[in-house]
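The values are calculated or read from the model by the stated rules, or taken from the named source; none is laboratory data. No experiment lies behind these values; they were computed from the predicted model shown. Every residue, glycine as well, gets a Cβ built from its backbone with ideal geometry; the counts of neighbours run over all protein chains shown.
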Amino acid sequence: MMHEALLEIADDCLVLGHRLSEWCGHAPMLEEDLALPNMALDLIGVARGLYARAGELEDAGRGEDDLAYFRGEREFRNCLLVERPNEDFAQTMLRQLYFAAFMEPFWRAASASSDEVVHGIAGKAAKEVAYHIRHTGEWVIRMGDGTVESAARMARAVDALHRYTGELFESSPAARAAEAAGVLPVREEMRGDWDRVIGMIFTEARLVLPEDTHMHSGGRAGLHGEDLGHILAEMQSVARAHPGAVW
Amino acid sequence: MIDLDRAAEIAGAVPDPEIPVVTVADLGILRDVVADGDIAVVRLSPTYSGCPAVLAIELAVEASLRDAGIPARIERVMAPAWTTDWITAGGREKLRAYGIAPPVGGGKAVLFAAAAVACPRCGSKATDRVSEFGSTPCKAHYCCRDCREPFDHFKCI
């Protein structure tokens, strides 16, 4: 059970890390071509640590590669937000900000985890993700309070993505077990910090926070949009063509 | 018996693969060296979660100890998390002389708050951040307004 709760977070980080890496070589400017894969690297590093720990706890002989490359779409437990397509730069930045503003207080709280490995990963990840909030927050403000075109794109991004933020605060049965055991913090408790950071940035960005949005969920139960299948087809193709290969 | 002091000295002297002017000891990533029978267990803190240099450093430390006739094993220590505060004074000076502005201030990334970074060439604090991320996960890119030197800054975490 405990390993499933860690897989949820590992899958979030891997899928979002993969999404960011899709920008490599295509970003709108050189600085962002460095920034996006750098953030991807942080996320994939965290995912590796969590997969390794989940594999240990599961005790079925699966390592990080087995968990990342040899599970199908319905077995992935990531939230729907992270699998949303990159679309334009505005949506990519807002998706990252929504996620980072949740993970920063989450990792800070998880540094008190009763699991020694989670405790170690959390201390490091909290610092990295704080940097992600700063970087993406600055862009959201710059675009939201920018030109007519950039402001319209930011507003479209909010319209497209806000409905996926509710799932961040939902705890699956596996997560609730991990929360009860003191391994992970309670997701709902991150709402205060998330609201404060997003509210502050939206005010500066002159963006309107949607109210009464219908929130989508299902990712934690393996119910994904069709986008995840396309990500996995690409991400897992080399490992599946050469099973057992190592370097 | 393994000479743990000697093992620590050898491990600490291994250069960083990306920034070879600084060593493992300068970066403050060497936690300690303990004995496990005839094997030296070198405990190292990784810098960034996904930094490719982490594995390269671990392999280099193990290899240099093996070359010195000391069988070694590397243990990755995650907690407490490494911070740039652990870079030694000597390490900071080596970075500066190499053209990389060393980290300044504590490890807090606050929205829009940026501490003044001094140009490693002329010392001026009239510098602009060009890019939040640089050629490696640990660096950001800056430019000096006074001497026009473009330079890397070792980020604070």
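Working carefully through the options A:Gly137, A:Gly63, find the one that is away from chain B (no Cβ under 14 Å) and either more than 19 Å from the chain's Cα centre (by Cα) or of a type outside the set (D, E, K, R) (or both).
Selected residue: A:Gly63, the only one of A:Gly137, A:Gly63 that is away from chain B (no Cβ under 14 Å) and either more than 19 Å from the chain's Cα centre (by Cα) or of a type outside the set (D, E, K, R) (or both).
Of all residues being farther than 28 Å from A:Ala47 by Cβ and charged (D, E, K, R) in the range B:44-71, which is farthest from the other protein chains (Cβ to nearest Cβ)? Just the residue, please.
B:Asp67
Would you confirm whether any residue within the range A:141-159 is within 26 Å of A:Glu8 (Cβ to Cβ), assigned to a helix (DSSP H, G or I), touching a helix residue (DSSP H, G or I) at 6+ places or on another chain (Cβ under 9 Å) and more than 10 Å from chain B (Cβ to nearest Cβ)?
yes
State all residues of the range A:88-111 that are in a loop (DSSP other than H, G, I, E, B) and without any contact (Cβ under 8 Å) to a residue 60 or more places away in the chain; if no residue qualifies, say none.
The one that is in a loop (DSSP other than H, G, I, E, B) and without any contact (Cβ under 8 Å) to a residue 60 or more places away in the chain: A:Ser111.
Please verify whether B:Ala115 is more than 25 Å from B:Val34 (Cα to Cα) and either over 19 Å from the mean Cα position of the chain (by Cα) or at pLDDT 95 or above (or both), treating the condition exactly as stated.
So B:Ala115 fits the description; yes.
Taking the range A:1-11, which residues are over 10 Å from the mean Cα position of the chain (by Cα), in a helix (DSSP H, G or I) and not acidic (Asp, Glu)?
Matches in the range A:1-11: A:Met2, A:His3, A:Ala5, A:Leu6, A:Leu7.
Okay, residues lined up against (1) over 20 Å from A:Arg71 (Cα atoms); (2) hydroxyl-bearing (Ser, Thr, Tyr):
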{"residue": "A:Pro210", "(1), (2)": "yes, no"}
{"residue": "A:Thr213", "(1), (2)": "yes, yes"}
{"residue": "A:His224", "(1), (2)": "no, no"}
{"residue": "A:Asp227", "(1), (2)": "no, no"}
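Pick out the one residue from B:Ala63, B:Ala56, B:Ala35, B:Ala101 that is on the phi < 0 side of the Ramachandran plot and surrounded by 16 or more Cβ atoms within 10 Å (Cβ to Cβ).
The match here is B:Ala101.
Exactly one condition in (1) under 18 Å from the mean Cα position of the chain (by Cα); (2) assigned to a helix (DSSP H, G or I) is not met by A:Pro85; state its number.
For A:Pro85, the exception is condition (2).
Would you confirm whether or not the range A:205-213 contains a residue that is in contact (Cβ under 8 Å) with a residue 40 or more places away in the chain, more than 16 Å from the chain's Cα centre (by Cα) and within 17 Å of A:Glu170 (Cα to Cα)?
yes
Restricting to the range B:132-157, and then to whatever is more than 13 Å from chain A (Cβ to nearest Cβ) and of a type in the set (Lys, Arg), can you tell me which residue is surrounded by the fewest Cβ atoms within 10 Å (Cβ to Cβ)?
B:Arg148
Taking the range A:12-55 as the search range and keeping residues that are over 14 Å from the mean Cα position of the chain (by Cα) and more than 14 Å from every other protein chain (Cβ to nearest Cβ), which one is surrounded by the most Cβ atoms within 10 Å (Cβ to Cβ)?
A:Ala54
Among (1) in contact with an Asp or Glu (Cβ under 6 Å, 6 or more places away or on another chain); (2) of a type outside the set (Lys, Arg); (3) closer than 22 Å to A:Ser237 by Cα, which single condition is A:Leu7 missing?
With respect to (1) in contact with an Asp or Glu (Cβ under 6 Å, 6 or more places away or on another chain); (2) of a type outside the set (Lys, Arg); (3) closer than 22 Å to A:Ser237 by Cα, A:Leu7 is out only on (1).
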